[in-house]
Amino acid sequence: MPVLSTLRTPLRSLDTNIRTRGPELSPFDRGQILGARKAGLLVREIEVELNLLRGAIRHTIESNGLRSNGVSLPRQGCPLVYTERDCRSILRNLRIYLKLTFEQR
């Protein structure tokens with residue numbers, strides 16, 4: 001029997017095409033990347049100097065205009081999926097509590 005170098009995480013998908021994300025860059029790291037780029041360094045040089053992945057550096061440079069003060073944008077997340085039971089519950093609450101706002105429910 002072959003010896004495995006790492007154990008499989010329980011209840012995790014066996015699909016090898018699914019990759020997990022690395023740690024999120026701090027605003028300081030983003031500032032270093034953007035400053036090095038403005039100083040004229042190439043992406044490869046920034047990668048070697050800061051020891052970061054090339055894709056993370058490229059994505060940081062490309063999405064700089066979308067961020068304010070280097071703060072990350074919230075991730076989109078999964079779309080909501082309502083079952084028949086959820087729909088009935090929502091409709092029942094709407095009929096019972098006519099004047100409640102969305103936040104009060």
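Laboratory data are not the source of any read-out in this text; all were calculated from the coordinates shown. Keep in mind that what you see is a predicted model, and the values were worked out from it rather than measured. Note that each Cβ is placed from the backbone with ideal geometry, even for glycine, and that neighbours are counted across all protein chains shown.
Under the convention that each Lys and Arg Cβ holds +1 and each Asp and Glu Cβ holds -1, the size of the dipole of the chain around its Cα centre is about 500 debye.
Available extension along the chain between GLN104 and LEU50 is 14.7 nm, counting 0.36 nm per residue and deducting the alpha carbon span. Among ILE61, VAL48, LEU73, flag the residue with its Cα farthest along the positive direction of the charge dipole of the chain, charges on Cβ as +1 for Lys/Arg and -1 for Asp/Glu. Value computed over the given set: LEU73.
Neighbours of HIS59 by Cβ distance under 12 Å: Lys/Arg scored +1, Asp/Glu scored -1, total +3.
Its DSSP H runs of at least 4 residues, each contributing -39,500 (n - 2.57), put the calculated 222 nm mean residue ellipticity of the chain at -12000 deg cm²/dmol, to the nearest 500.
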